[in-house]
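Heads up, the thing below is written out as structure tokens.
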Amino acid sequence: MKITLAAALSVNGNLSQNLNKIEAVLRAHPDQDFVLFGEAFLQGFNSLTFDPDHDRQWAVDHNDAPISWLRDLARTVHSGIGVGYFRFHQGKWTSNYLIISNQGEILLDYARMSPGWKIHDADPQLYTEGTQSGIFHYHGKQIGVLLCGDGWTDEVVSAMISRQPDLVFWPVYVCFPLTEWKQEQAGAYALQAGSFAKRVALVNNLDAPRVEEPALGGAFDIQNGQIQASLPWAQEGCLTLEIPE
């Protein structure tokens with residue numbers, strides 16, 4: 001199994017540019033089982049203001065054009081896609097991670113279970129969390145998905161461990177300063193990853209340089225709690241992993 005982690009630039013509120021970025025990365029990495037992007041990559045993690053009238057402009061659901069376009073792209077390039085997006089479904093928002101096969105099928109649409117994606121004052125009736133663990137079956141493997149703070153939430157981690165995943169995708173949006181990444185957080189994330197799966201693929205978004213407290217990208221292949229391969233921070237790049245069948 002071949003999986004590429006794309007630490008790519010996601011622009012807040014520029015859905016068309018983010019779709020173009022996904023297309024460029026996929027066309028550079030054809031015939032992959034999955035190419036993975038970070039949390040809320042599609043609209044940009046900070047695109048929502050949690051004012052329902054403002055946020056409606058970024059609404060995306062399964063039947064909307066961006067998702068249909070991604071499914072067609074996966075089929076065309078023959079690469080599966082994992083991408084975070086804000087889903088607006090039946091009048092409610094969730095932070096989701098969508099898994100599309102290289103045949104264009106939706107294998108999983110996981111709604112983040114931890115609340116850290118939203119501000120404290122967000123209306124809990126409109127901005128909600130999921131209740132089901134993110135797990136799907138692919139080529140005989142159980143693959144889990146945890147979105148950012150899920151991986152640090154005891155009940156979510158426990159639910160994932162109970163599913164005994166062979167591999168976990170851990171897309172995030174985090175904006176630690178570079179020194180903190182190097183001295184503390186990279187090791188802490190690797191150690192935490194080792195608590196819920198033998199192998200974890202972690203990928204972070206990259207913000208534009210002018211963004212205050214930007215996400216610095218980065219991607220990690222974590223095996224048994226140790227970083228085996230990674231991308232440098234603060235620049236775009238792709239890390240391709242070979243996963244034994």
So who's got an amide H within less than 5 Å of the one on residue 138, skipping anything under 5 residues away but keeping other chains? H placed 1.01 Å off N, in plane.
143
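Which value in Å does the Kirkwood hydrodynamic radius of the stretch 118-245 take, with 1/r averaged over all unlike C-alpha pairs and then inverted?
15.6
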Please work out how much accessible surface residue 97 shows to a 1.4 Å probe, ignoring ligands, DNA and RNA, in Å² rounded to 10.
0
Solvent-accessible area per residue for the chain (1.4 angstrom probe, square angstrom):
43
Rounded to the nearest 10 Å², the 1.4 Å probe accessible area of residue 175 is 50
Cβ-based net charge around residue 189, under 13 Å, with every Lys or Arg adding one and every Asp or Glu removing one
-3
State which helices in the chain qualify, where a helix is a whole DSSP H run, it must extend 15 Å or more along its own axis by its Cα atoms, and its mean Kyte-Doolittle hydropathy must be at least -0.5.
15-28, 65-77
Run through all the Cα pairs of the chain and give the fraction in each 5 Å bin from 0, expressed as whole percent.
1, 7, 15, 20, 22, 18, 12, 5, 1, 0
Förster-model FRET efficiency, 25 Å R0, residue 161 and residue 107, C-beta, rounded to 0.05
0.75
Would you check the accessible area of residue 137, probe 1.4 Å, heavy atoms only, in square angstrom rounded to 10?
130
Which whole-Hz ³J(HN,Hα) couplings does the stretch 2-11 yield from phi under the Karplus relation 6.51 cos²θ - 1.76 cosθ + 1.60, θ = phi - 60°, glycine and proline marked x?
10, 10, 10, 9, 10, 7, 10, 6, 10, 9
Heavy atoms only, probe 1.4 Å: what % of the accessible area of the chain goes to carbon and sulfur, would you let me know?
47
Top mean-square fluctuation among 94, 128, 179, Gaussian network model of the chain, C-alpha springs under 10 Å?
179
Estimated FRET transfer efficiency when R0 is 25 angstrom, pair residue 62-residue 213 (beta carbons, to 0.05)
0.20
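The values are calculated or read from the model by the stated rules, or taken from the named source; none is laboratory data. All values derive from a computational prediction rather than experimental measurement. Glycine gets a Cβ as well: all are built from the backbone with ideal geometry, and neighbour counts include every protein chain shown. With ligands, DNA and RNA removed, areas are computed over all heavy atoms of the protein, side chains included. Shrake-Rupley method; radii C 1.70, N 1.55, O 1.52, S 1.80 Å.
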